[in-house]
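Have a look at the structure below, then the notes.
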Amino acid sequence: MQMSIIEELYEDIKKKNDINKTSVLCLRTKQIYFKMKEFRVTNSILYKNEGLNLTMIVKKDDVEFDWIELKKSSIPNSGFGIYALRNFEVDEVVTVYLGDVVEDGERLDYAFGVINGRPEWVERSGLIWEYWLAHRINHGRNDAINVAIGKDYKVIARRKILKGEELFLDYNRDVFCSNCHVESCFRNNVITNTLCCECNKVQESNKHCEVCLRYICTNCYYKSQIGTAI
């Protein structure tokens, strides 16, 4: 499949085996930038305004492409989400998960692999350095999941995504297993009706603890993934 514009840009910028330096270079590139739409100000803290809308623009050969945008999520009471501003084909790179390298043993809500996608640098305007917005994608479940994080932290379309759709990925972070009493990665599995080790009810499940192999139902897993990560 032909590379998307943003994937071509990322491949030109990235430094092999140095995601931290790559993230800084991606942040500084003049080929990706943001435009803030006008909105009614209801709070002096920028991100407390529900009407906040940031458009990420990708530029190639002096042509601007509206790519994705940050605005109020379709999930009630979950803050902001990320929406497609163009159609994306299956396996097309939508954006890249960028950020600071996580220290050993550090646990952060916005961390994937070794990357913390939400740095604390804030401009005078109150705008957080958003990198390429991947850390703002909300957790989804089942058919709602339309993107996944792949090789080199590329966020890839799992299916055809239409302009205007909100993006969702499966965070798949560790979950506390009440049987093992440890944080464990709950792996994907075939959907089955089985006893959930959290709520002790027979429910639909496709996640099992990699330590004790007990299952967690979709609802309990979903609750554990949202937490403060949205």
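The values are calculated or read from the model by the stated rules, or taken from the named source; none is laboratory data. Just so it is clear, the model here is predicted, and its values are computed rather than measured. Counting neighbours? That spans all protein chains shown, and the Cβs are built from the backbone with ideal geometry, glycine included.
Filtering the stretch 35-52 down to residues that are touching a residue at least 24 places away in the same chain (Cβ under 8 Å) and surrounded by fewer than 14 Cβ atoms within 10 Å (Cβ to Cβ), which residue is farthest from the chain's Cα centre (by Cα)?
The selected residue is ILE45.
Kindly establish whether LYS163 is modelled with pLDDT of 70 or more, in a loop (DSSP other than H, G, I, E, B) and either surrounded by fewer than 13 Cβ atoms within 10 Å (Cβ to Cβ) or outside the structural domain of ARG141 (by TED's automatic domain parsing) (or both).
When the stated conditions are applied, LYS163 passes them.
Restricting attention to the stretch 25-53, which residues are among the hydrophobic types (A, V, I, L, M, F, W, C) and closer than 20 Å to VAL93 by Cβ?
First, the residues of the stretch 25-53 that are among the hydrophobic types (A, V, I, L, M, F, W, C): 25-27, 32, 34, 36, 39, 41, 45-46, 52.
LEU25, CYS26, LEU27, ILE32, PHE34, listed by residue number.
Kindly provide the set of residues from the stretch 53-65 that are under 16 Å from GLU8 (Cα atoms) and either surrounded by 14 or more Cβ atoms within 10 Å (Cβ to Cβ) or of a type outside the set (Lys, Arg) (or both), ordered by number.
Passing the criteria: ILE57, VAL58, LYS59, ASP61, ASP62, VAL63, GLU64, PHE65.
Given the conditions (1) closer than 24 Å to GLY164 by Cβ; (2) not in a strand (DSSP E or B), and given that LYS30 satisfies all but one, which numbered condition is not satisfied?
Result: LYS30 fails condition (1) only.
Take the conditions over 18 Å from the mean Cα position of the chain (by Cα) and at pLDDT 65 or above and apply them to LEU213. Does it pass?
yes
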